[in-house]
Amino acid sequence: MEVNVIYNENCIVTLKKLPEKSIDGIITSPPYNINTERSDCYYNNGYSEIDGLSENDYLQIRTDEFLQFSKVLKDKGVICYNISYSKENPILPTLLVSRVHSETDLTIADIICWKKPNAIPFQTSPTKLSRITELIYVFVKKAYLHDFTTNKKISKVSKKTGQKFYRNYTNFVEAKNNDGYKSRLKATYSQDLCRQLISIYFPKGSLIYDPFSGIGTTQLSCLESDCFFIGSEIIKEHFDICMNRLREKNVSLFS
Ligand SMILES: C[S@@+](CC[C@H](N)C(=O)[O-])C[C@H]1O[C@@H](n2cnc3c(N)ncnc32)[C@H](O)[C@@H]1O
């Protein structure tokens with residue numbers, strides 16, 4: 001299997017050609033289903049032409065992707081899934097997590113709260129709060145809920161009982177909003193965030209897939225952290241930026 005490759009295609013196509021149990025993990029952020037038809041939409045962010053689905057269609061498409069994630073994920077693999085909500089659909093991430101839990105062999109092992117330096121205001125809402133946090137849902141296979149891969153280190157072992165104590169890793173991460181790269185895609189996250197997720201869950205040499213690669217934040221973080229990557233990105237404009245950013249790092253890329 002080729003690694004350090006990005007495919008300019010729908011992730012479902014990539015997923016169907018990846019071998020079973022070949023990926024150590026996924027770090028990603030999917031489209032949040034923000035309808036383009038609203039002219040006042042703060043987030044008309046460069047991918048929304050494919051992102052105005054009905055709630056049912058959105059949930060079905062994402063759940064089908066999770067079925068494929070499970071197929072390509074190694075047994076002890078980990079999926080870090082960053083999803084937030086828009087003003088119109090605050091329930092959507094919760095509905096998706098529930099569907100994934102009931103319709104796949106994956107479940108939530110942890111939920112990480114990502115605090116950003118800057119809030120995105122709901123400038124047009126008299127009621128909704130400015131969001132300065134987003135959640136990262138950490139999915140693992142149900143059968144490995146207590147035995148999935150992490151980098152957690154033992155800090156001491158009780159001489160009396162043999163009880164192991166681990167270094168303290170919390171479910172609260174402070175990281176930049178984004179890398180400051182200007183493009184039409186506004187819904188990017190930061191290498192700062194990815195680096196911290198990799199340091200919790202992925203040993204050096206891990207193979208990490210991002211089905212929604214955008215402008216390549218996950219892949220750049222993999223390079224920094226001595227991990228390998230595979231990615232998919234459906235929109236050519238984002239794919240080209242992603243490839244250019246990676247080429248600037250002089251990596252040998254397939255594709
Ligand atoms: C929230 S953005 C991810 C941004 C990325 N984390 C970054 O920092 O650049 C979602 C991306 O998924 C892409 N996308 C949407 N549906 C897709 C699909 N079915 N397959 C592959 N890419 C898709 C969009 O074009 C967009 O670039």
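The values are calculated or read from the model by the stated rules, or taken from the named source; none is laboratory data. From a predicted model like this one, the values you see are computed outputs, not experimental measurements. Positions of Cβ are backbone-derived with ideal geometry, glycine not excepted, and every protein chain shown enters the neighbour counts. Quick note on the areas: whole protein, heavy atoms, side chains included, nothing else; ligands and nucleic acids left out. Shrake-Rupley method; radii C 1.70, N 1.55, O 1.52, S 1.80 Å.
For this structure, a couple of remarks:
- Using a cut-off of 30 Å between Cα atoms, the listed pairs K16/K128; K21/K115; K164/K204; K142/K249 include K16/K128; K21/K115; K142/K249 as exceeding that distance.
- Using the 1.4 Å probe convention, the accessible area of the range 24-204 works out to 53 Å² per residue with neighbouring protein chains retained.
- Considering only alpha-carbon pairs that sit under 8 angstrom and 6 or more positions apart, the relative contact order computed for the chain is 26 percent.
- All Cα-Cα distances of the range 24-204, cut into 10 Å bins from zero to the largest, leave 8, 32, 35, 17, 5, 2, 0 percent in each bin in turn.
- Distance between the modelled labels on R247 and D75, one decimal in nanometres: 4.3 nm (7 Å Cα→Cβ projection).
- Lys, Arg +1 and Asp, Glu -1 on Cβ, resulting dipole of the chain about Cα centre, debye, nearest 20: 1320
- The range 111-242: C-alpha gyration tensor shape, a/c 1.5 cut-off, then a/b vs b/c: oblate
- Considered as an equivalent ellipsoid built on the Cα gyration tensor, the range 155-222 has semi-axes of 34, 14, 8 Å, the largest given first.
- Fraction of beta bridges assigned by DSSP in the range 24-204 that are antiparallel (%, nearest 5): 70
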